[in-house]
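Below: one structure, written as C-alpha cells.
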C-alpha cells in the first residue's frame, strides 16, 4: 500500500484527460466564437494541460520549468475558468484579470525569489494548497452568485465540484506539517497520491458540469425562442395555451368564474397603411407591454397572431377585480404611442367568456370568445362583449338540431300515402 499512487503517472493521466476535454471545449467554442465564456474556458483548460504536462516532467525538466511554471499554469487555468464563469453571467471583467492571474504570479515570485521555497517540498505544498484553495473557491463562489439569479441545475454540480476542490486543498494545507512528504521514485505518502486522484475526479466532474451549464442555457434559449413572440417578447399562441392549461390543472385555479378573453387592436390595418409597418410594430409592442404589465399575478397573457392577443384570468383574480378588462380597454385608449414623432391612437375590442369549473375545452372557449370579439367589432369597436358559457352552447345546438329532426320525422309519418 506504500506505493499505491505513482505521482508522475497520475499527472500524465490528468494531462490526457485535460487534453481530451480541451479539444471538446475548443470545438464547442469554434461553433460560437463570440461567446466570451467559452473562450475563457477554452484558454483555461489548455492552460491546465500545459501545467499538468510540465508537472509530469518534474524528474527531467529544470525545477523552474516543471514546478514553477507547471503550478503557475495550473493556477492560471483556474483563474481563466473563473473569468469564464463571470463572462457566462455577463458580469463586468474590468479588474478581474489581475485577480485571475494573481495566484499564479505569486507562486512564480516565491519560486524565483525565495531560495528555500524552491528546494523545500513541504513548504511548496503548503503555499500551493493555499493558492489553489483561493482559486477554486473563487470559481465556486462565482458559480454560486450566478445560481442565485439563473438557477441552472448543472450549477449545483459545478458548485459541488469546485467547492469540493477548494475544500480538499484546504484539508491538504496542514498535512505536510503532520506527515512531511518525501518523494522516492515518483511515490509519496498515500494521502498525497489519494488527494491527487481526488483532483482527477473533481476535475472531470467540474468540466462535465460546465458542459451541462452551457447545454442547459442553450436548451433554454431554444425553448424560449419557440415560446416567445419575437416582436413583442410575450408568450406566443402555443405558450399561451399551455400556460392556461397548466393554470387550469391547479386545484385552486380551476374553479368557476375564470375568464378567457381575446383582444384585438382596432383599425390596425389603417395604421400599417398610413404610417408603415414599423409604426404598426411599435403600436403592437406598446400594446403588449401595457396589457401584460397590468395583469395580476396568476394572469396569463400572450400574442395569438397578428394584432390579436389573449388574456386568461383565474377565478380568484376575477373575483378580486371584476372590472379589470374594462379598465384595460379604457387604459389603452389613453396611451400615448408615438413612432417617428407621429402619434398612433390605438383602441382595442375585447371578447370574453366565463369558464365553468373543472375541465374546459379551450378550443370551444376560444371560439366563444372570438364570437364575442366579433360582436364588439360589429357594434362599433372599442368595447368589451361577453359570450355565453361555452359549455352550454354545444348541448343547446344539439337539442335544437334533434328537435328539428324529430319534427321532420313526425311530419313524414303524418304525410298521406300517394
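The values are calculated or read from the model by the stated rules, or taken from the named source; none is laboratory data. A quick note: this is a predicted structure, and the numbers were derived from the prediction, not measured. In this analysis, Cβ positions are derived from the backbone assuming ideal geometry, glycine residues included, and neighbour counts consider all displayed protein chains.
Results, tabulated for the structure shown:
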{"item": "In region 45-60, the residues that are modelled with pLDDT of 80 or more, surrounded by fewer than 22 Cβ atoms within 10 Å (Cβ to Cβ) and touching a helix residue (DSSP H, G or I) at 6+ places or on another chain (Cβ under 6 Å)", "result": "46, 50, 53, 57"}
{"item": "Residues that are under 16 Å from residue 285 (Cα atoms) and without any contact (Cβ under 8 Å) to a residue 12 or more places away in the chain, drawn from region 299-337", "result": "334, 336"}
{"item": "Unmet criterion (only one of (1) within 30 Å of residue 56 (Cα to Cα); (2) exposed (fewer than 13 other Cβ atoms within 10 Å of the Cβ)) for residue 205", "result": "(2)"}
{"item": "Test: residue in region 132-151 that is under 23 Å from residue 70 (Cβ atoms), more than 38 Å from the chain's Cα centre (by Cα) and either part of a helix (DSSP H, G or I) or outside the structural domain of residue 70 (by TED's automatic domain parsing) (or both)", "result": "no"}
{"item": "Complete set of residues in region 250-262 that are assigned to a loop (DSSP other than H, G, I, E, B), touching a residue at least 60 places away in the same chain (Cβ under 8 Å) and surrounded by fewer than 23 Cβ atoms within 10 Å (Cβ to Cβ)", "result": "254, 255, 256, 257"}
{"item": "Among (1) on the phi > 0 side of the Ramachandran plot; (2) touching a strand residue (DSSP E or B) at 6+ places or on another chain (Cβ under 9 Å), the one test that residue 233 misses", "result": "(2)"}
{"item": "Residue match in region 112-119 (condition: surrounded by fewer than 15 Cβ atoms within 10 Å (Cβ to Cβ), more than 29 Å from the chain's Cα centre (by Cα), at pLDDT below 95 and not in a helix (DSSP H, G or I))", "result": "yes"}
{"item": "In region 176-192, residue modelled with the lowest pLDDT [restricted to those that are part of a helix (DSSP H, G or I) and closer than 17 Å to residue 71 by Cβ]", "result": "192"}
{"item": "Residue within region 64-76 that is touching a helix residue (DSSP H, G or I) at 6+ places or on another chain (Cβ under 7 Å), surrounded by 22 or more Cβ atoms within 10 Å (Cβ to Cβ) and closer than 16 Å to residue 208 by Cα present", "result": "no"}
{"item": "Lone unmet requirement of (1) farther than 20 Å from residue 108 by Cα; (2) in a helix (DSSP H, G or I); (3) at pLDDT 90 or above for residue 74", "result": "(1)"}
{"item": "Filter result for residue 218 (closer than 26 Å to residue 329 by Cα and not assigned by TED's automatic domain parsing to the domain that holds residue 374)", "result": "no"}
{"item": "Sole residue being out of contact with any helix residue (DSSP H, G or I) (no Cβ under 7 Å at 6 or more places or on another chain), at negative phi and at pLDDT 95 or above, chosen from 352, 372", "result": "372"}
